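Bear in mind these aren't lab numbers, they're just calculated from the coordinates by the rules spelled out. Bear in mind the structure is a predicted one, so any value in this text is a computation, not a measurement. All Cβ positions, glycine included, derive from the backbone under ideal geometry; neighbour counts span all protein chains shown.
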Amino acid sequence: MKHYAVNKLAKLAGVSVRTLHYYDQIGLLTPSVRTAAGYRLYGETELLRLQQILFYRELDVELKDIGNILDDPEFDLVHALESHRQMLLSKKSRIETLVATVEKTIFHLKNKVNMNVEDLYAGLPKEQAEAWRREAKEKWPDQVAHAEKQLLTMDMDSYQQLQEGFKANWEKLALLSGQDPATEQVQREIDVHYHYILKFWGKAGNQAEAYKGLGDLLANDERYTQVNGVTKPAFGKFMQQAIHIYVERRLR
């Protein structure tokens, strides 16, 4: 039978010689042979026991409890290994999730770019963007200032995701504009629209009157009812009705 000296076993197991000496001292892992010169030698049985000790330590089990588990006459090595395998796979899954989260955060921080006001109106012709912003500041100075301040705290990637999500919701509502605005499907999309609007406004909570006013604006100003660059006045009327229904049902 092959035996391993303490130095060799420590290297194989990835532990220190001092740790093995301590395990021997407390009776947790004793060598199968002690030579006349005082050297400790470990056989296959001790290797398997050390493996179990390290597994249980990985699970934060106290050394005294590990000894009781391994010395139990009914201890089943195969069953224990199967149990360890499941626990380790579960731990592996959690660690992989954490690693993915950390990598995503690192990527986000490395690519974080501060925006400026012009970025908030990207995609619109410059003159049109300036005119709309000027008009909005004249009508709602406090609201526009608050919204821009909140949006400028976002990085470019997050703001782009917000824009893309809003655009997809807007296009879906346009497809539904031939339906009754009171239907469940339409109102579900209006709920999504409302929460996107709150993100753009930089506000939370109940904004019933402000959102109802937005519905009126959509119905009365064709400039705000474009879908893929095409103005659709009927869509504005549809949005007004759908928003008014939503406000009465959900925000009152």
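Along the Cα→Cβ direction, 7 angstrom out, place labels at K149 and L12. What is the inter-label distance in nm?
6.8 nm
At 7 Å along the Cα-to-beta-carbon direction for both E138 and D157, put a label point, then send me their distance in nm to one decimal.
It works out to 4.0 nm between the two label points.
For K91, give me every one of the aspartates and glutamates with a C-alpha distance below 12 angstrom, ignoring sequence neighbours fewer than eight places off in its own chain.
The qualifying aspartates and glutamates are E58.
If exposed means no more than 15 neighbouring beta carbons inside 10 Å and the site is in a DSSP loop, what's the longest run of the chain without any exposed GluC sites (Glu not before Pro)?
My reading of the result: 75-252 is the longest stretch.
Past 19 Å, Cα to Cα, is the threshold; run K149/K237; K167/K199; K137/K203 against it and keep the listed order.
The pairs that break the limit, which is 19 Å between Cα atoms, are K149/K237.
Taking 0.36 nm per residue of separation and subtracting the Cα-Cα distance, what length does fully extending Q25 through D191 add?
Result for the pair: 53.0 nm of gain on full extension.
Quick one: Debye curve from the C-alpha atoms of the chain, no solvent, what's log10 I(q)/I(0) at q = 0.07, 0.09, 0.12, 0.14 Å⁻¹?
-0.53, -0.62, -0.78, -0.99
By the gyration tensor of its Cα atoms, with a ≥ b ≥ c the square roots of the eigenvalues, what is the shape of segment 42-107: rounded for a/c under 1.5, prolate for a/b over b/c, or oblate? Walk me through the numbers before you get to the answer.
On the way: a/c = 2.81, a/b = 2.70, b/c = 1.04.
Prolate.
Separation of segment 11-54 and segment 177-228 by C-alpha centroid, Å?
Using only Cα atoms to place each centre, the spacing works out to 71 Å.
With only alpha-carbon pairs counted, each pair once and no self-pairs, how large is the Kirkwood hydrodynamic radius of segment 117-251 in angstroms?
15.5 Å
In debye, nearest 20: dipole of the chain around its Cα centre with unit charges on the Cβ of K, R (+) and D, E (-)?
Taking the Cα centre of the chain as origin, the dipole is about 540 debye.
Show me the trypsin sites (Lys or Arg not before Pro) within segment 188-242 that DSSP assigns to loop and that have at most 16 other Cβ atoms within 10 Å of their Cβ. Walk me through the numbers before you get to the answer.
On the way: sites: R188, K199, K203, K212, R223, K237; in loops: K203.
Loop-located and lightly packed - K203.
Setting aside same-chain residues fewer than 8 positions from K8, which aspartates and glutamates have a Cα under 19 Å from its Cα?
Cα-Cα hits under 19 Å: D24, E44, E46.
Suppose R0 equals 41 Å. What FRET efficiency, 1/(1 + (r/R0)^6) with r the Cβ-Cβ distance, do R250 and I95 give to the nearest 0.05?
Approximately 0.50, to the nearest 0.05.
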